[in-house]
Structure formats: C-alpha cells, structure tokens
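Let me begin by handing over the structure; questions about it come next.
The values are calculated or read from the model by the stated rules, or taken from the named source; none is laboratory data. Remember, it's a predicted structure, so these values are computed and weren't measured experimentally. Note that we place each Cβ from the backbone using ideal geometry, even for glycine, and neighbour counts take in every protein chain shown. All accessible areas refer to the heavy atoms of the entire protein, side chains included, with ligands and DNA or RNA removed. Shrake-Rupley method; radii C 1.70, N 1.55, O 1.52, S 1.80 Å.
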Amino acid sequence: MCIRDRYKEKREKKIEEAKEFREKERQNNEDIKNLHESSEMQEFYNTVDRKIQFLFRYYIANTYMPIDLPHSDELLYYQAFMSFVNQFNIIPSILRVDEAGQIYKSLTKNKPIIDKVPAGMTYDEFRQALLRIAIKGRKTFDAVADRVAKLGDENVGDQEMAEIAKENQAERDENEDKENDNYYKIDATTVKTTKGLMYYLDLPEDKKGMITRVQALRKENFHNVPPKKKKELAKKKIEELEEKKRRELEEKRTKHARNSSGENLEGSGEERNAEDDEDN
C-alpha cells in the first residue's frame, strides 16, 4: 500500500470515528435530556430548588468578571462553574478538570453570542449540569446516599465523603474516555443518585447556613492558591481598576474640551456681531 492510500485510509477512519462519536453524543444528550425532564427528576428538583437556586445566584454574584467583559447577571459563566466544582471538591474527587469543562461546553457550545455577551448557563442548564455530574459520579453518589440512609445526614462528614469518592471513582477512571464528554449507564442514574450528590454538597437548609458553608469552602480553596498566584490576581484587579479610572478621567477631559470649544465658538460669534454693529 502506497503512502497516499495509507493516508486516505487513515483519514476515512478518522471521519468514521468522528461520525460515530457525534451520533453517540447526540444519543447521550437526548437520554440526559429525557432523564432531566422526567417527572421523577423534576419532582426532586422542586424539593431542593432553594439550595440549587442559592448556588446558581451565589456563584454568579461572587465570581470575579473582568470589567470590560460583557456579561449577563442571569447566566453562570465558565469561571463561576469551575469555582463551584472546585470548591465543593467535585474536582478532583469526582471529575477531572477537563471533564468539568466538557460538561460546561456541552451545555453552551451551540448557543449564539448576542450583543457580544458570551454564552453561559441558564438556571435550568445548571440543574442539568448537576445531573451530568451525578451521572459521571453515580457509584460515589449512590454510596453516599446509602451511607446517609444508614447513619443519618449529620453523621457523614466531608472526610468520609472524600473517602467514599476515592473508593468508587477508581473503576470509572480506568475505563473513562479522557478525550470526550462521555456518559456511561445513564439509565442507571436515579433520584437516589441526585440525592447522593446533594448530600455530598452538604448544604444546610437555611440561607445563613448555606452562606457560611460556601464562604468557608471559598476561604479554604483560596488558602490552597500559591502565594505567587494570589499576588497575580490582586495585581490584575488593581490594574483593571486603574485602567477604569484612567478611562473615566479621559472621558471627563474630552467632554470638558468639547464644552470649552463650544463656548469659544459662541464667544467668537458674539465678538464678530459686535464688530459688525460698530461698522454699521
């Protein structure tokens, strides 16, 4: 077989693999959507709606966004989503970083960019993102749900949750396709699995308790950031604030210059009129 034939065969194989993946992705998305919209899952969402709403709104409001980047206060963007999965130890205990990014991409990649505002997750898409996390971590969350049923919610702490995750994720990691956003045994995911996820997040019932829980996780997460990175983040914020002030000052100067120019023109006109009157 000549080089050209080998290249053609290789290219055709890649095309066929890409077609197979797209079909598998389409089927996965359809199966997840059907599960997401099922009456059982919708009923479950309603029981934890207050907690999910809190997470959605909290991470929108408390995630740093560059000053000059157009955005909507009704959408959850990539940085906010990644902060959430990182601070709640979904990364790395349940998902790899690239897996979490793939979940976000799967829910936003086909959305149009309107008025330069980038695509982000709606509230319903955030709920589906939680479902996708539950599917990928099904064994862990089912085990958490069983443990809570046996001991009671208050007796299962973060450390034990992490140990359960470590035990149950090893098998999945060995078989996982690390290139694509794949899901296995979607039909095996039940309300029990999503309950396990909510137990894993361990959010209190009251708003004050939820705020305290998330702030503690954010603080803990920030302490894990290297000192050099902290300095870089602080420096970037200061630079952006200084840039904003500089632009505002330039706008004021420009506006003042225009006003002054207009006054000078009016004054010149009055002087010419006075000279014309004297000549007459």
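With +1 assigned to the C-beta of every Lys and Arg and -1 to the C-beta of every Asp and Glu, and no other charges, what is the dipole magnitude of region 36-121 about the Cα centre in debye, to the nearest 20? Let's see the in-between values first.
Values: 8 positive and 10 negative charges, 41 e Å.
So the magnitude is around 200 debye.
Whole-Hz Karplus ³J(HN,Hα) for region 55-64, in order, using 6.51 cos²θ - 1.76 cosθ + 1.60 and θ = phi - 60°, x for Gly and Pro?
4, 4, 5, 5, 6, 5, 6, 10, 9, 5
Quick one: with all protein chains in place, what share of the accessible area of region 1-101 is carbon or sulfur, to the nearest percent (1.4 Å probe)?
Values: 3220 of 6240 Å².
Roughly 52 percent, rounded to a whole number.
Anything over 18 Å Cα to Cα? Flag those among Lys116/Lys255; Lys33/Lys136; Lys33/Lys185; Lys51/Lys208, in the order listed.
Values: Lys116/Lys255 27 Å; Lys33/Lys136 15 Å; Lys33/Lys185 14 Å; Lys51/Lys208 12 Å.
Checking Cα-Cα distances, Lys116/Lys255 exceed 18 Å.
Quote the accessible area belonging to Tyr78 in square angstrom, nearest 10, computed with a 1.4 Å probe and with ligands, DNA and RNA left uncounted.
Here the residue's solvent-accessible area equals roughly 110 Å².
With every protein chain kept in the model, how would you rank Leu95, Leu35, Leu249 by accessible area, 1.4 Å probe, largest at the top? If you can, show how the numbers build up before the last one.
Working: Leu95 0, Leu35 35, Leu249 85 Å².
Heavy-atom accessible area, descending, gives Leu249, Leu35, Leu95.
Enumerate the calculated ³J(HN,Hα) couplings along region 110-117 in order (Karplus 6.51 cos²θ - 1.76 cosθ + 1.60, θ = phi - 60°), each rounded to whole Hz, writing x wherever the residue is Gly or Pro.
9, 8, x, 8, 10, 6, 6, 7
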